[in-house]
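The values are calculated or read from the model by the stated rules, or taken from the named source; none is laboratory data. Only a predicted model underlies this, so the values are computations on that prediction, with no experimental measurement involved. With ideal geometry, Cβ positions are generated from the backbone for all residues, glycine too; neighbour counts draw on all protein chains shown. These accessible areas exclude ligands, DNA and RNA; they are computed on the full protein's heavy atoms, side chains included. Shrake-Rupley method; radii C 1.70, N 1.55, O 1.52, S 1.80 Å.
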Amino acid sequence: MSKRLKFFLYMTIVFVVLMCGVSYAPITISAWGDNTAGGQGRPNYTKAQIDAGSLGDKITFNSISDNTGLGQGEDGNEKYFVAACKYNDNDTNYKWQAGSIEVEDGGEYVIRLFAHNNSPLGRQAIAKDVRAYIKIPNYSSKNVQVVGFLDSSNATPTEYWDEVEFRSDNLFHLEYVGGSALIDNKGVGKNGGAKLSDEIVTNKKGVLLGYDSLNGEIPGCFEYDSIVTIRVKAYFDRSYAVTTKVRLVGDTDKSWKKEVDAQEGDKVEYQIEYRNTGDTTQNNVIIDADLPSNLRAIPGTTKLYDVKNNGFVFDGNSIIDNGVLIGNYAADSNALVRFTVKVVDDDFTCGKFILHTWGRATVGQTVIQDSAAVAVQLPYCQDPDEEKRLRRSLYIWTIAAFTFLIISIVLTIKLMQYRIRKRK
């Protein structure tokens, strides 16, 4: 084996090992962190250092240590960019708790993820492919950590994370409030915030953020910072489980899935399964569903299946409006509630839409939910900047092709003249 080949193989192994290390780093998260080489974490900067040019032309996120505008009291360290507070619909002037927060049974809370491109160069230092993902654990505990992730392809480092801990003396779990994700900034998120997809909590890739639009681009400096928020509810535990699945009406495949493909006008059927996993009877179980826009429930299609009912029909759209009371269930018994919806065009634009429906079961003050999705593929949505790039590329290639044609003609003429002279 040649020395060059040995060196290539050695560097390949080193690269794979390093990549594995980077990929698994977020698994052992302790408060804030990032994927800085060596695991030492990115440095802190004061606002004065940033203004003095300490970053140069580098793009980095959430590294200022004295940003008192975070709303965390005296703690202005942006590395603690994930925080929480009690939700108040009448007062959004939140006082964020960046370390931990005590929960109440049935209490609703706002989780904040702060995204600040620290470069002072504004639109000359635009962070690309900026994404956010908030991981809400699906387990029960007396201490539940919610982790927020922020990524950018051209930032240094490229990955950031922080966590906030929810605490109680009782076992509890957190449930995401469907459709609550917002981005607030002075651009696309002004005047009350712009809606973000529920994929911010359901897809590990998260969702694109942005300033002018949700295109993944955030310029540098304070005026372009963004606040991402979601809402969750805390519930003390009762022992039961909920599973939501979906299938396409009329499809030959009758199996239930977590996601199906559909088009506008199609009908899909949802199934919410409740199962009592405890040792005692659970009374007055309520099932309801939270539909996103572009899905419309069909009245009279909600049916109950259990040991006593084989398709009992509920009136109207009560499962959407107020939920349906399905009764009392002994230990290890279950119930299935099915209903049909139609894919409609409420606010479709272009591109691919993932429509999450959340099925919920309520026992006492405890709510447990699960989601299933409908994927709707619409014509490709071309970004205006991409269109400009395509036009520029077409112009360049046209000039290049024309130039090549002229050169080819000139060379052909020269060759013909040469052959004529040679014959003479």
Would you confirm, using the coordinates I've provided, whether THR398 is open to solvent by 70 Å² or more (accessible area, probe 1.4 Å) and either in a helix (DSSP H, G or I) or over 30 Å from PHE172 (Cα atoms) (or both)?
yes
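Listed here are the residues, each with its yes/no results for (1) among the hydrophobic types (A, V, I, L, M, F, W, C); (2) closer than 29 Å to LEU150 by Cα; (3) modelled with pLDDT of 95 or more.
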position	(1), (2), (3)
ASP212	no, yes, yes
LYS257	no, no, yes
GLU264	no, no, no
ILE272	yes, no, yes
GLY278	no, no, no
Which pairs turn up if I take residues in region 310-328 that are closer than 22 Å to PRO292 by Cα and part of a strand (DSSP E or B) and look for partners that are open to solvent by 20 Å² or more (accessible area, probe 1.4 Å) and among the hydroxyl-bearing types (Ser, Thr, Tyr) with beta carbon separation below 7 Å, at least 6 apart in sequence or on another chain?
VAL324/SER318
Out of (1) within 25 Å of TYR235 (Cα to Cα); (2) touching a Ser or Thr at 6+ places or on another chain (Cβ under 8 Å), the one GLY76 does not meet is (1)
Which of the residues that make up region 307-344 are open to solvent by 80 Å² or more (accessible area, probe 1.4 Å), under 25 Å from LYS195 (Cα atoms) and modelled with pLDDT under 95?
ASP321, ASN322
What are the pairs, 6+ residues apart or on separate chains, where a residue within region 117-137 that is closer than 25 Å to GLY53 by Cβ and open to solvent by less than 20 Å² (accessible area, probe 1.4 Å) has its Cβ under 7 Å from a residue that is part of a strand (DSSP E or B) and among the small types (Gly, Ala, Ser)?
ASN117/ALA127; VAL130/ALA115
Within region 371-418, the count of residues that are among the basic types (Lys, Arg) and modelled with pLDDT under 75 comes to 3
Pairs needed: first member in region 191-217, open to solvent by 20 Å² or more (accessible area, probe 1.4 Å); second member anywhere, among the acidic types (Asp, Glu); C-beta distance under 7 Å; at least 6 residues apart or different chains.
GLY193/ASP184; TYR211/GLU217; ASN215/ASP383
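What are the residues in region 239-284 that are aromatic (Phe, Trp, Tyr) and in a strand (DSSP E or B), if any?
Here is the first cut: in region 239-284, the residues aromatic (Phe, Trp, Tyr) are 240, 256, 270, 274.
Across region 239-284, the qualifying residues are TYR240, TYR270, TYR274.
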For HIS173, only one of the following conditions fails: (1) over 18 Å from ILE368 (Cα atoms); (2) touching a Ser or Thr at 6+ places or on another chain (Cβ under 6 Å). What is its number?
(1)
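Which one of these is farther than 30 Å from ALA48 by Cα, open to solvent by 20 Å² or more (accessible area, probe 1.4 Å) and among the polar types (S, T, N, Q): THR243, THR229? Reasoning before the result, please.
Numbers: THR229 fails: farther than 30 Å from ALA48 by Cα.
Matching residue, one of THR243, THR229: THR243.
Free of Cβ contacts under 8 Å to residues at least 60 places away in the same chain, open to solvent by 60 Å² or more (accessible area, probe 1.4 Å), part of a strand (DSSP E or B) and more than 29 Å from LEU378 (Cβ to Cβ): is that true of LEU304 in this structure? Write out each step before concluding.
Details: free of Cβ contacts under 8 Å to residues at least 60 places away in the same chain: yes; open to solvent by 60 Å² or more (accessible area, probe 1.4 Å): no; part of a strand (DSSP E or B): yes; more than 29 Å from LEU378 (Cβ to Cβ): yes.
In short, no.
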Taking GLY179 as meeting all but one of (1) modelled with pLDDT under 95; (2) closer than 16 Å to ASP34 by Cα; (3) not aromatic (Phe, Trp, Tyr), write down the number of the exception.
(2)
